[in-house]
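The values are calculated or read from the model by the stated rules, or taken from the named source; none is laboratory data. Worth saying up front: this structure is predicted, and the values here are computed from it rather than measured. We place every Cβ from the backbone using ideal geometry, glycine too, and count neighbours over all the protein chains shown. Heads up: the accessible areas ignore ligands, DNA and RNA and are worked out on the full protein's heavy atoms, side chains in. Shrake-Rupley method; radii C 1.70, N 1.55, O 1.52, S 1.80 Å.
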Amino acid sequence: ICIMEKQVLESSEERTFQYQDSLPSLPVPPLDESLSKYLDAVKPFLNQEEYQRTEDIVKKFENGIGKELHQKLLERAKTRRNWLEDWWLNVAYLDLRISTQIHCNMAGPGPYIEHCWPPKEGTQIERASVNIWHTLKYWELLRVEKVPIERSGNAVLDMNQFRMLFCTCKIPGVTRDSIGSYFKTETEGECPSHLIVLCRGRVFAFDVIHEGNMVTPPEISRQLTYIQKRCHSEPDGPGVPALTSSERTKWAELREYLIDLDPKNLTLLEKIQRSLFAVCLDDSSPHATPEDYTEVTRLGLTGDPAVRWGDKSYNSIFFSNGTCSAFCDHSPFDAIALISMLSYAEKTIIENEGKWKGSDKVRNIPWPEELVFTVDQKILNEIGHTKELYYKKVSDVQLVNYAFTSFGKALIRKKKLHPDTFVQLALQLAYYKCHGHPGCCYETAMTRRFYHGRTETIRSCTMEAVEWCKSMLDPSDSTYQRLQLMHKAFAKHNNMRKECENGKGFDRHLLGLLLIAQEQGLPVPEIYMDNAFTASGGGGNFILSTSLTGYSRFTGSALPMVHHGYSFFYAIRDSRIVATCSSWKSCPETDAEVLCRTVFQCFQDMLQLTVTAQL
């Protein structure tokens, strides 16, 4: 009876991917609704005359070509569970020809310095081994579909992105890249089980399963120590990984050249592509405190390109002082999937006080093998040239990652305000203060209630937000007026978020209509050529590129979308808000440090407003 009961219990447990086939399809919103939301969103950036002109263009579109394109989009949606999926992957990521490692990848610092692992020289290998082991335990859970399904309220969320955390890599193409994903659950079959380790321009690999059992932290430590000792006592490697930071077409051509040079190079490249993830042993020692993660974040995002495989979906970087960072290609998943995995690892690391409490026995497992590429002078020159270009570009990045420590989610919720909206409105006010005009803003909303859903754009710079900003800067306005306007701005933002999460946003819809026109070989409709489209952020022109990375200790960062823009990423914790802000030094108008400090000041101003109102 016990055995039978156990089987029933086990079979009644939810499996990670069990609802994938029953998730609703991504909807296409009604055309009139999307266009009226679009008109609403462009208002802050136009004067009366310009707005009138845009309104005419939109009406013409709605009754003319827009109607036809919308019908064709509905047709497309009939045959696909997610009409956007392949389009989005191509347009947002795979068609890009710039260096995606610089412009698209995302990174975030490990928060372990706040509890188990304060920065300390000589701890790199030991901590890396423990961290890797906990990550491998997560991989094991995913293989047997024991990773809990995520929900929003009662709605099951799509879990497909979690498959991309392991054994996934972008492969450069001359005109379009592709994604190789080799992960399989146990039911699906064999899954690659080796790691790659990057150190001083060299690449090594070792398997994490030995005689049917996972390697332990002491065994991982033995492998990493072997690699590090060799790298530190022998000349540096050629640094082939640096090529992943090139412009995409260039990297695709050099990859072909490498393969033509020696077919063995293809075997090595495939070994890297198929690997679980990349472990990067970085010689830097970034300064880090719980209040200032700037240096560890900057080095995670823009560190030595010869010890990162920029196309790998997950690079786990360990610095020589025991600090660490994650570095990821953005195309296969959004930050939320990664953060779920990292939070699991962090929780289990804390439970074990950052130590390994199991056996110290080390089996006689095969030593790591070095992946030695056949290179010639041309490739060596190209690697040198690529590194030079890379450092020139990233030296222009200004990035700060600070903690605001006066309050956090607990107090904001107590004031009955939505914490994410609180930060978004503070950012709108700060931008207005710094620049004297509204800043078009992209905030990520998650559409994972739908099959393979990823994101929609919340355009945070609303008329309501602008009215409130003006009121905050107008000394003649009363506290009461400001508070009324603030509540209006909150209500507007909260409503937009809800609509976007439910597939009722308009940015992806407008993109779909444009892509239908392109596929049909039709001229670009006037609505997309109109100044209002670009001025309000359309076509990837958002000045503020922002994302909430969640309510955990993990925060992330990426670089701004446009040269005169900022990126602003934030994690909201119970009693602090940790923000990463970046800009380009070569743009004289922007200053990431000033904007970030101003946002923190605006947090105080907003709280003050609610306090004064209660008096």
Item to check | LYS414-LYS120 FRET efficiency (beta carbon distance; Förster radius 51 Å; 0.05 resolution) | outcome: 0.85
Next on the checklist: Considering the Cα positions of the range 478-549, please state its Rg to one decimal place and its Dmax as a whole number of Å.
Outcome noted: 16.6, 55
Checklist outcome for this item: Evaluated at 37 °C and 0.692 mPa s, the Stokes-Einstein D of the range 291-357 based on the Kirkwood radius over Cα pairs, in µm²/s, stands at 246
Next on the checklist: Using a Cα-Cα cut-off of under 12 Å, which aspartates and glutamates could be cross-linked to LYS72, ignoring same-chain neighbours fewer than 8 residues away?
Outcome noted: GLU519
Item to check | Peptides 448-454, 342-348 ordered by average Cβ neighbours within 10 Å, highest first | outcome: 448-454, 342-348
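On average, how much area does the Cα convex hull of the range 54-142 cover when viewed from any direction, in nm²?
12.1
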Item to check | q = 0.10, 0.14, 0.20 Å⁻¹: log10 I(q)/I(0) that the Debye formula gives for the range 462-615, counting C-alpha atoms only | outcome: -0.50, -0.95, -1.46
Checklist entry - Can you work out the base-10 log of I(q)/I(0) for the range 523-568 at q = 0.14, 0.20, 0.27 1/Å, using the Debye formula on its C-alpha atoms alone? => result -0.46, -0.70, -0.93
Checklist entry - So how compact is the range 516-596: Cα radius of gyration and Dmax in angstrom? => result 16.8, 54
Checklist entry - Can you list the equivalent-ellipsoid semi-axes of the range 210-250, largest first and in whole Å, using the square root of 5 times each Cα gyration tensor eigenvalue? => result 30, 18, 7
Item to check | Whole-Å semi-axes of the range 330-389's equivalent ellipsoid (Cα gyration tensor) | outcome: 37, 24, 11
Item to check | Fully extended contour minus Cα-Cα distance, from THR479 to GLU75, at 0.36 nm per residue | outcome: 140.3 nm
Checklist entry - ASN541 to LEU141: extension gain in nm, 0.36 nm per residue of separation minus the Cα-Cα distance? => result 140.0 nm
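Once a ≥ b ≥ c are taken as the square roots of the eigenvalues of the Cα gyration tensor of the range 452-514, is the result rounded (a/c under 1.5), prolate (a/b larger than b/c) or oblate (a/b not larger than b/c)?
It comes out prolate by the Cα gyration axes.
Evaluated at 20 °C with a viscosity of 1.002 mPa s, what Stokes-Einstein diffusion coefficient in µm²/s does the range 70-226 have when Rh comes from the Kirkwood expression over alpha-carbon pairs?
Taking Rh from Cα pairs, D becomes 111 µm²/s.
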Checklist entry - Cα axis of helix 419-435 to longest principal axis of the chain: angle in degrees, 0 to 90, nearest 10? => result 70
Item to check | Bridge type composition, the chain - antiparallel percent by DSSP, nearest 5 | outcome: 70
Next on the checklist: Given a 1.4 angstrom probe, what's the average accessible area per residue across the chain, in square angstrom?
Outcome noted: 41
Checklist outcome for this item: Rounded to whole angstrom, the alpha-carbon centroid of the range 153-211 lies from that of the range 580-605 at a distance of 36
Next on the checklist: For LYS67, what accessible surface area do you get with a 1.4 Å probe? Give it in Å², rounded to 10.
Outcome noted: 110
Checklist entry - Which FRET efficiency value, to the nearest 0.05, do you get for GLN518 and LEU266 by plugging their Cβ-Cβ distance into 1/(1 + (r/R0)^6) with R0 = 60 Å? => result 0.95
Checklist outcome for this item: Filtered hits (lysines, Cα-Cα < 29 Å from LYS250, offset >= 8 within chain) -> LYS170, LYS264, LYS271, LYS312, LYS378, LYS387, LYS392, LYS393, LYS585
Checklist entry - So what's Rg/Rh here for the range 197-336, counting alpha carbon atoms and using the Kirkwood radius for Rh? => result 0.97
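Can you tell me what the convex hull of the Cα atoms of the range 437-484 projects to on average, as an area in nm²?
Dividing the Cα hull surface by four gives the mean projection, 4.4 nm².
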Checklist entry - Please report, for the Cα atoms of the chain, the Rg to one decimal and the Dmax as a whole number; what are they, in angstrom? => result 25.0, 79
Checklist entry - Which percent of the accessible area of the chain is formed by carbon and sulfur heavy atoms (probe 1.4 angstrom)? => result 52
Checklist entry - Quick one: length gained pulling GLU13 to ASP376 fully straight, 0.36 nm per residue minus the C-alpha distance? => result 125.2 nm
Item to check | Ordering of 42-51, 396-405 by burial proxy (mean other Cβ atoms within 10 Å per residue, highest first) | outcome: 396-405, 42-51
